[in-house]
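Everything below concerns the one structure shown next.
None of the figures in this text is laboratory data; all of them are computed from the coordinates on show. Small disclaimer: the values here were computed from a predicted structure and weren't measured. No Cβ is skipped: glycine too gets one built from the backbone with ideal geometry, and neighbour counts run over all protein chains shown.
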Amino acid sequence: MNRFAALLIAALALPSPALAEQKRPLVLVDDEVAPLPGADTIGTRPNSPIDVADYMTPEQVADVIAGTKTLDVTQAVQNWLAACVAQHRACRAMPGIYRLSGPIVFEQAGNLTTGLTVYSESPGQTIFDNSYTAGLPFLLQASGGTPEAPVSATYAYLSGLAFRCNYAGPCVTIGRPDYADQINEFTLWRLSVQNANASAGSTAYEFNAVFSGYVYANGSTGASPGRIAKLGTITGGSGYVDGTYVDVPLTGSVQGSLAKAEVTIARGKVTNVMITSGGVIYNVGDVVTIPAASVGGRGAGFSAPVTAVTNVANDIYRIKQSAFTSYKIGGSSGWNFVHLTDTYSYGNTFISPDCEIVATCYKIDSFNAVRNTSLGGTYAYSNYGHGVDASTGSFVAINPNINADASRFMAPGSTAFAARWTNDTVALTNAPTFSSSVTTRNPSGAATLALTSAAHTTKLNADTGGNFFLSNTKQGGFTVLDQAGRGVLQFKVNGAQVAAMFDSTTIFDTKTTAPAIGTSGYIVSTLPASPANGDRAYVTDAHACTFMATPIGGGATLCPVIYLDGWKAGG
């Protein structure tokens with residue numbers, strides 16, 4: 001029996017190893033091959049991760065698993081992360097709710113080229129709940145650099161983690177806000193972030209100097225648009241059951257939902273309504289009601305108008321500097337779903353975004369936010385905003401699913417454009433109608449023409465670089481410059497008419513030009529009135545077919561014809 005067979009038999013006879021041991025790779029050692037080292041060759045990283053429970057007391061572990069949040073575990077989590085950095089090992093978090101009260105930093109400085117890995121095997125069940133408000137609650141960084149000489153780090157990996165905070169800024173920050181680091185080839189996988197704060201500076205995520213990463217995440221904030229702030233004069237109704245009721249849903253609005261109130265009823269009438277949850281996407285002038293089932297089971301007639309709403313312009317994903325990164329993201333309850341702002345962001349792709357309960361899905365106000373693309377996805381923006389609002393930069397939304405008022409998809413004056421408008425606008429099909437003046441742009445991003453809803457069938461776009469691009473004509477068409485000069489080749493469709501022109505000279509027009517050989521014939525009375533000399537056709541009702549004679553209809557003779565300042569037989 002050789003050594004290999006003996007080792008295999010001995011291994012099969014061993015008792016089953018512990019779960020942690022089972023995760024190690026199985027290595028079969030041949031007779032002639034030297035055994036592998038006990039640690040990998042990248043630094044001194046062993047195979048097994050470090051568990052957060054190793055840095056907690058039994059009482060803390062039990063509290064986290066139970067989710068009661070009675071014991072603070074901030075120091076334990078900070079020590080755990082520091083150990084992972086120092087030992088170049090992955091951090092593994094058990095499911096549960098971690099009560100935190102201090103800054104949590106995912107430090108890349110000790111793993112610049114190998115990356116820091118922090119993960120949970122229970123996505124959505126591993127929640128870091130941080131009450132810290134004196135600074136950034138959660139930060140992924142590579143310390144030691146300056147804005148002039150940033151530190152570059154690679155391969156950061158956060159997976160299966162959920163973060164909760166109530167902070168008037170970003171809950172989770174990727175990269176230092178002063179751009180003193182660069183986070184490259186990073187992965188955020190199945191993350192969830194909830195920032196309960198409703199102030200203007202709040203955001204679930206902030207991305208600073210991130211490059212070539214992949215983000216698969218969802219987020220929300222406390223600043224949903226159109227929250228009820230005040231109700232007007234109450235119509236009390238009648239027949240209700242007296243008492244005070246909490247968390248009563250306010251119904252009746254066409255667009256608004258989720259608002260709740262404490263309702264007081266006396267002598268069968270509603271006497272007081274105190275808003276406890278403002279809900280989402282209400283408008284001044286909405287009239288709310290209450291279901292009888294929520295206030296004792298009977299009664300009718302209550303109503304109250306919405307006289308004030310609260311709107312705060314915050315973000316769910318704030319992207320300040322990002323390049324060639326893929327974002328597979330979802331989010332709700334915020335003013336802007338994605339905000340491209342501050343500085344350079346280019347070549348990023350948003351894949352099937354799930355944008356819901358927001359004012360605007362994409363807000364772009366950085367001149368250097370260019371060549372970013374959104375593919376598919378759902379756009380459930382509200383009447384407070386738009387699908388895309390790009391005051392500068394450039395942005396393309398391809399084939400969006402618009403679950404909102406389609407006329408508000410593009411903000412007036414936006415520099416962005418839709419390569420496809422739901423299933424209506426593609427090359428040579430119907431274009432959207434804009435409610436006010438919109439600037440169209442050629443492929444290089446330069447403004448070409450201001451179009452309005454009434455004039456979007458006039459003039460086609462012109463590009464002095466000779467580039468091909470679509471126009472906003474009523475029934476399609478395109479314009480491209482002649483490479484030898486400033487002539488414009490134009491193809492137009494208008495009902496049954498098809499025309500081709502160079503500058504203003506018609507080359508071909510189906511209303512004035514006879515069809516090519518092989519198409520249907522004419523009778524004499526339907527021959528085109530004034531085609532180009534040399535055009536040919538045939539008629540089926542000539543009296544005779546005398547060469548170069550003017551054809552006369554009403555007969556049964558098939559006769560070829562040619563146009564030479566008039567139709568002639570025998571052409």
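One table, with the values for the structure above:
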| quantity | calculated |
| --- | --- |
| The listed residue being of a type in the set (Lys, Arg) and without any contact (Cβ under 8 Å) to a residue 24 or more places away in the chain, out of Lys269, Lys230, Lys260 | Lys260 |
| Members of the range 295-326 that are surrounded by fewer than 17 Cβ atoms within 10 Å (Cβ to Cβ) and among the hydroxyl-bearing types (Ser, Thr, Tyr) | Thr307, Thr310, Ser326 |
| Options Thr133, Thr114; residue that is touching a residue at least 40 places away in the same chain (Cβ under 8 Å) and either among the charged types (D, E, K, R) or part of a loop (DSSP other than H, G, I, E, B) (or both) | Thr114 |
| Residues of the range 262-305 that turn out to be in a strand (DSSP E or B) and within 18 Å of Ala198 (Cβ to Cβ), as a count | 4 |
| Residue that is nearest to Arg164 (Cα to Cα) [pool: residues in the range 103-122 that are buried (at least 16 other Cβ atoms within 10 Å of the Cβ) and touching a Pro at 6+ places or on another chain (Cβ under 9 Å)] | Ile104 |
| Total residues in the range 49-64, condition free of Cβ contacts under 8 Å to residues at least 40 places away in the same chain, assigned to a helix (DSSP H, G or I) and β-branched (Val, Ile, Thr) | 2 |
| Filter result (within 17 Å of Gln141 (Cβ to Cβ) and either part of a strand (DSSP E or B) or among the aromatic types (Phe, Trp, Tyr) (or both)) within the range 204-224 | Tyr205, Glu206, Phe207, Val210, Phe211, Val215 |
| Residue ID - surrounded by the fewest Cβ atoms within 10 Å (Cβ to Cβ), chosen from residues in the range 129-147 that are closer than 21 Å to Ala198 by Cβ and of a type outside the set (Gly, Ala, Ser) | Thr133 |
| Hey, Val193 under 26 Å from Ala162 (Cα atoms), assigned to a strand (DSSP E or B) and touching a strand residue (DSSP E or B) at 6+ places or on another chain (Cβ under 7 Å) or not | yes |
